[in-house]
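Each remark here refers to the structure printed beneath this line.
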Amino acid sequence: MSESTEARPSSRVLPHELPASLREAGLDNWIREPLDDAVDRRRRIIVPPAAAMAGTSLNAYKGDLLAEARHPDTVFMMGDNPALPTMPERPVVKDFFLLRFGPIARRHLLQSARVARENGLGEKVITACLLHDIAIAGLLSANHGYWGAQMVAPYVDEEVRWAIEKHEALRYFPDESVGYTYPEAYIDYFGPDYSPPDYIRREHEAARRHRWYMTSRLITINDIYSFDPDVVVDFDEFEDVVGRNFRQPDEGLGFDGSPVAHMWRTMIWPNNFL
Ligand SMILES: [Fe+2]
Ligand SMILES: [Fe+2]
């Protein structure tokens, strides 16, 4: 038997027992055992990103999790995770909606866009509503307005990008002239005594004076009525609006070499070790 044959992963599943510390911490959830859909029968370790681990008990076990990769037939997750649907080679926005975004966020975005359309708003606002929380849906929740705005910047009108960025701050502040009040949901989410930090206050004040203020404000107005679990909205309803308002790159999102391509790739392969 040659060395190169020996170095290959074995074709059987090793009966390796996880250390008790990892089992007790529930970290077996982060280790994918070889299943029928695995191409090479190796165990794959998923190490959650620092942003997900910091401040949680997961952080204490990171060393143990990393050590697991030293076992035979065990590697860190890179490339397609068989637990996720495979993305096409040249993904478009719709692919992220259907294959990567979770059902709650997908429904929220589609319902928000539908309410905007039913309210007779223009395509820029409908597009902004459709995309306003894509960071929460597929990447990161903290600072989601800013992440989301960057993700779409190369592909949409600057007004749409701006509106998505600012909606995060505007959500915290009522504007009675257009019937927008502080969201009931935020009282539940953050408690009745929550007060937004100064940078959010400054963002809100500057946005109020901006010529595109109402575009962003309209996102917040159409945001609050769109969490109904019984309303099903098909992405195809917005295929035409997306076609006219989102410059889909020929190479596919994630592969066009744009300054934000890595963000889309992170959603394609969210479990990559590096
Ligand atoms: Fe939002
Ligand atoms: Fe939202």
Taking all pairs of distinct Cα atoms, average 1/r, flip it, and tell me the Kirkwood hydrodynamic radius of region 80-215 in Å to one decimal place. 16.1 Å
Taking the chain as a Gaussian network, where each spring joins two C-alpha atoms under 10 Å apart, which residue of Arg117, Arg70, Arg201 fluctuates the most? Arg70
Length gained when the stretch Met78-Arg23 is fully extended (0.36 nm per residue, less Cα-Cα span): 17.5 nm
Shape call for region 142-184 from the C-alpha gyration tensor, a ≥ b ≥ c root eigenvalues: rounded (a/c under 1.5), prolate (a/b greater than b/c) or oblate? oblate
Using a Gaussian network model on the chain with a 10 Å cutoff between Cα atoms, which of Trp162, Trp147, Trp212 fluctuates the most? Trp212
Computed [θ] at 222 nm, helices only, for the chain once each DSSP H run of length n ≥ 4 contributes -39500 (n - 2.57): -12000 deg cm²/dmol
Rounded to 10°, Cα long-axis angle of helix 198-208 versus longest principal axis of the chain: 50 degrees
Once the convex hull of the C-alpha atoms of the chain is built, how many Å³ does it hold per residue, rounded to a whole number? 171 Å³
Region 51-91: C-alpha gyration tensor shape, a/c 1.5 cut-off, then a/b vs b/c: oblate
Cα-based reach from Lys166 at 19 Å (exclusive), listing lysines while leaving out same-chain residues under 8 positions away: Lys124
Taking only Cα atoms and a 10 Å spring cutoff, compute GNM fluctuations for the chain and point out the largest among Ile224, Ile134, Ile164. Ile224
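Since every read-out is calculated from the coordinates, none of them should be taken as a lab result. The structure presented is a predicted model; accordingly, all values stated were derived computationally and were not measured.
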